[in-house]
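Worksheet: the structure to be examined is printed underneath.
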Amino acid sequence: MMIKKHILLFALLLSGSIGMAQYKGQVFVDSNQNQKRDRSETGMPAVVISDGYELVKTSRDGSFILPQNKDARFLFIRIPAGYKATGNHYLKIDDKLDSYDFGLIKDEKQQQDHIRFIQITDTETPLYGEWIDNIRNYSKQQNVGLLMHTGDICYEPGMQFHARQVNSDLMQLPTYYAVGNHDLVKGEYGEKLFEDLFGPVYYSFEAGPAHFVVTPMPGGDYAPSYTQDQVIAWLKKDLELKDKNKPLIFINHDLLGGKDFILKGKTDSIDLRAYNLKGYLYGHWHNNYSFARDNGVAVISTNAPNKGGIDNSVGQFMVVDVDKNGVHKVTPVYPNLRHHAEIIYPNGSNVLMTGQNKIEINANVYDSEKKITAVSARLINSKGQIVETAVLQAYSDWNWRGAFSIKAIEGDKYEVLLEVSYSDKTKLLKNSTFAVGRADKASHLKVSWSTNIGTNIWKSSPLIVGEYLFIAGIDDAIGGKSKIQAIDTQSGRLIWSIPTKNSVKQKLAYSEELILATDMGGTVYAIGAKDGTLRWTKELSGGRLPGYVSAGTIKDGIYYTGAGNYLSALKVADGTILWQNKDWNGGEGMPGELLATTDHLVTGANWYSLFVHDINTGQLIWKKDDDGLRFRSGGASVSAEALYVAGLEHIFKLDEKSGVLIKKTAAKDDFKVMASPLVLENLVVMPTAANGIKAYDKETLVEKWHFKTGEALIYTSAYSTPDQHKPVCTVEGAPKLIDGKLYFGASDGYLYILNTNGTLHERINLGAPLLAEVSSLDRQLYVADFAGNVYSFTRSK
């Protein structure tokens, strides 16, 4: 009997000790970075440790004790500001471990009042690309403190590749990951592979003056084991231990919480604004759409760095600067461009002289890794003597301008030597030659003026109305540079400029002396063409995602714009909504333009369908999503009641009234570009994502000719990438027929003139991608490039 009592007592004591089981460990300054605490290394007090459920702070000697939780799988550390981990920021819970120890070391790249970090997202690749080298080298050159991947790494191969190749050791800076919907993959539970490769799915750390929190997508391809309520419960505890004055930078793969930033689970919720929220980073949509809420929160989204976006956004990585007040600067960086420099003029026959004593200098210069500190130019005469030196000024992130002050004599031959200086003290030299006053007889175009609007231009073609040229500039960096401008067509002089809340990425429209435009946030602007006054605005989308990128169109005093359930017909005069779409919603941006025919409005939503509506009532007449037509990058064109439209791999000729297929191309091409087909008398000419432009017989759609452009400088067409080591020869703008020749710009930076049989007549290197269609009036050709330059060329007869 006594033996049984002793056994029972022992069992009770054993169960009690198990119930009181604890995790123990220490946080220390790992001076020799061997990830083991040596006798000389001191402990770090007040460092937060968590198991994903509870949080504790280390004691004065750096030690901690945390009660065991049967559901916990990791212990992780909130790395304090000014430090970085010498190992991982997490340790997997293991019964064999007696102590969970975390080593830290001072991070010299962090400043108490500033941190610079890089955001990448949606890379979705198992392939090594130059973007990885660009980010690593940019980080070294420009004092970047950490790298944050905001999810969709993607699927098993992509996740394993990133764990091997895009980690803290190889990137040479702390590298963190968030869980995207495609990172929840098949396994024991959705996040199992992510945990095996990258650790816990939610955690926090501090860097510089800011507190960072990383949380996972609530759901995805496979169900996760965590719940939103579980994440919120931990998040509340984490943020309660945060210095209330520190700006909160919140990170998730998608923009959760709506305009008010209130995250909700089934039974719990949290208002992030109560914790000094200043930045929210996300991805998911494969577009470039950053903006500032009225409450001062910077909402930052970027497209992937290794490919074009779903809405044909430029591939980029985002550099974010944070100070004690929050996000104060955002900088997009376009990969794959090392030492890029082109002298636009003076070059060959393109010489722009203002007055008798000035020769204008225009250069497009860009680098994906180095900061450009100065650009200068030397003018060298035919004897090899330097006769003039000019210092150029930056007008945009690509464009530099200046002038030589010299009295030039007609016929004099010169060389220009451009010198680009970088922050690492290296230099790049680029030269051009020209002769004063002697036009090249082979040249069809002569520059008459050029101006830079101070920000990038995406798909906004120059809109010519009388003596005015209208253009829209974008700003993917919350820099206040989004605007619509009016320029004098004779001189390039600025007439007026009006800011927009978000980027206007597509073509402008004109009617009744008003300029009409719709920005990324779904706000419509009606602006007086002559004086630049805002006559009326209309909030259509309420800022819902994804951002709006389609070009509106005008017919009979009605402006058609919007997408999904805010596809609308508005009266040009006062913005009265005449109808709104009630028949479909969803999909992503179609960066082509809407088409208004006699009876129909033709539009689409990417990943969804081609839609044809009754133009008078908005009623959906028919839709078509088969055979690749659901991939809506470009718009449609009409000829004799037939619609010509590109799908994923084919050109289609459809009956306008019914949508019945009349004909389609036999060959497969990638047509994920923003252009609509150009329909000529006998030809249909269509740009491609990777193969230049092609022409097809109008009736049979048999290919007649093919013209291949050069490799793209930037990557815009959806999922186009240089990482597969195949040429990407993208043309985003439809050719324009002018006096029997085809004019268009390409992503390789060239302006092309082709004969209608597809042979090259002339090309001019403008040194920056050309995404928008050209415009013309009389003998003038107007061209806009991604660098923000607007050119007027005089065409020879």
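Per-structure values
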{"read-out": "Loop trypsin sites (Lys or Arg not before Pro), the range 670-724 (other Cβ atoms within 10 Å of the site Cβ: 15 or fewer; DSSP)", "value": "LYS708"}
{"read-out": "Spherically averaged projected area of the range 519-574 from its Cα convex hull (nm²)", "value": "3.9 nm²"}
{"read-out": "Per residue accessible area of the chain, 1.4 Å probe, in Å²", "value": "39 Å²"}
{"read-out": "Area of LEU97 that stays accessible when all protein chains are in place (1.4 Å probe, Å², to 10)", "value": "70 Å²"}
{"read-out": "Phi-based couplings in Hz for the range 651-666 (Karplus 6.51, -1.76, 1.60; Gly and Pro marked x)", "value": "9, 10, 10, 10, 5, 5, 6, 10, x, 5, 5, 9, 6, 8, 5, 7"}
{"read-out": "Whole-Å semi-axes of the ellipsoid equivalent to the range 107-208 (Cα gyration tensor, √5λ, descending)", "value": "25, 16, 10"}
{"read-out": "For the chain, fraction of C-alpha pairs farther apart than 40 Å, in %", "value": "41 percent"}
{"read-out": "Whole-Hz ³J(HN,Hα) from phi, Karplus 6.51 cos²θ - 1.76 cosθ + 1.60, for the range 452-457, glycine and proline x", "value": "10, 8, x, 7, 6, 10"}
{"read-out": "Dipole of the chain, positive end: most advanced residue of GLN619, GLY25, GLN485 [Cβ charges, Cα centre]", "value": "GLY25"}
{"read-out": "P(r) of the range 530-624 over all Cα-Cα pairs, binned every 5 Å from zero, in whole percent", "value": "3, 13, 26, 26, 18, 9, 3, 1, 0"}
{"read-out": "Gain in span if fully extended, ASP626 to GLU649, counting 0.36 nm per residue against the direct Cα distance", "value": "7.1 nm"}
{"read-out": "Under the span-like rule (Cα at least 24 Å along the axis, Kyte-Doolittle mean at least 1.0), DSSP H helices of the chain", "value": "2-19"}
{"read-out": "Listed pairs LYS459/LYS726; LYS459/LYS672; LYS507/LYS704; LYS324/LYS501; LYS329/LYS501; LYS507/LYS664 exceeding 19 Å between Cα atoms", "value": "LYS459/LYS726; LYS507/LYS704; LYS324/LYS501; LYS507/LYS664"}
{"read-out": "Long-range Cα-Cα pairs in the range 638-763 (distance over 25 Å), rounded percent", "value": "21 percent"}
{"read-out": "Rounded to the nearest 10 Å², the accessible area of TYR345 at probe 1.4 Å", "value": "10 Å²"}
{"read-out": "Virtual paramagnetic centre 7 Å along Cα→Cβ of ASN88, amide N under 20 Å, in the range 116-143", "value": "none"}
{"read-out": "Rg ratio (alpha-carbon, reference 2.2 N^0.38 Å) - the range 193-324", "value": "1.07"}
{"read-out": "Distribution of pairwise C-alpha distances over the range 263-303, 10 Å bins, in %", "value": "27, 42, 30, 2"}
{"read-out": "Value of Rg/Rh across the range 178-252 [Cα atoms, Kirkwood radius]", "value": "1.02"}
{"read-out": "Amide N of the range 644-663 lying under 16 Å from the label point, which is placed 7 angstrom from the Cα of HIS706 along Cα→Cβ", "value": "649-651"}
{"read-out": "Among ALA569, ASN581, ALA390 - extreme Cα towards positive end, dipole of the chain, charges at beta-carbon", "value": "ALA390"}
{"read-out": "Helix-only CD estimate at 222 nm, as mean residue ellipticity for the chain, using -39500 (n - 2.57) per DSSP H run (n ≥ 4)", "value": "-2500 deg cm²/dmol"}
{"read-out": "Accessible area, probe 1.4 Å, largest first, for residues SER368, SER639", "value": "SER639, SER368"}
{"read-out": "Sequence of THR86, THR354, THR150 when ordered by accessible area, the most exposed leading, probe 1.4 angstrom", "value": "THR354, THR86, THR150"}
{"read-out": "Nearby lysines by direct alpha-carbon distance to LYS36 (threshold 21 angstrom, same-chain neighbours under 8 apart not counted)", "value": "LYS24, LYS57, LYS84, LYS92, LYS96, LYS106"}
{"read-out": "Cα-based Rg and Dmax for the range 332-371, where Dmax is the largest Cα-Cα distance (Å)", "value": "13.9, 41"}
{"read-out": "Compactness of the range 276-330 - radius of gyration and Dmax, Cα, Å", "value": "11.9, 35"}
{"read-out": "q = 0.10, 0.14 Å⁻¹, the range 291-429: log10 I(q)/I(0) [Debye, one scatterer per Cα]", "value": "-0.48, -0.78"}
{"read-out": "Set of aspartates and glutamates with alpha-carbon distance to LYS407 below 17 Å, sequence-local pairs under 8 removed", "value": "GLU360, GLU388, GLU415"}
{"read-out": "Student exercise, the range 227-345 dipole from Lys, Arg, Asp, Glu Cβ charges, in Debye to nearest 20", "value": "200 debye"}
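The values are calculated or read from the model by the stated rules, or taken from the named source; none is laboratory data. Computed from a prediction, not measured in an experiment: that's the story for all the values here. Because the Cβ atoms are built from the backbone with ideal geometry, glycine has one as well, and the counts that use them run over all protein chains shown. Each accessible area value is taken on the protein alone, full model and side chains, heavy atoms only, with ligands, DNA and RNA left out. Shrake-Rupley method; radii C 1.70, N 1.55, O 1.52, S 1.80 Å.
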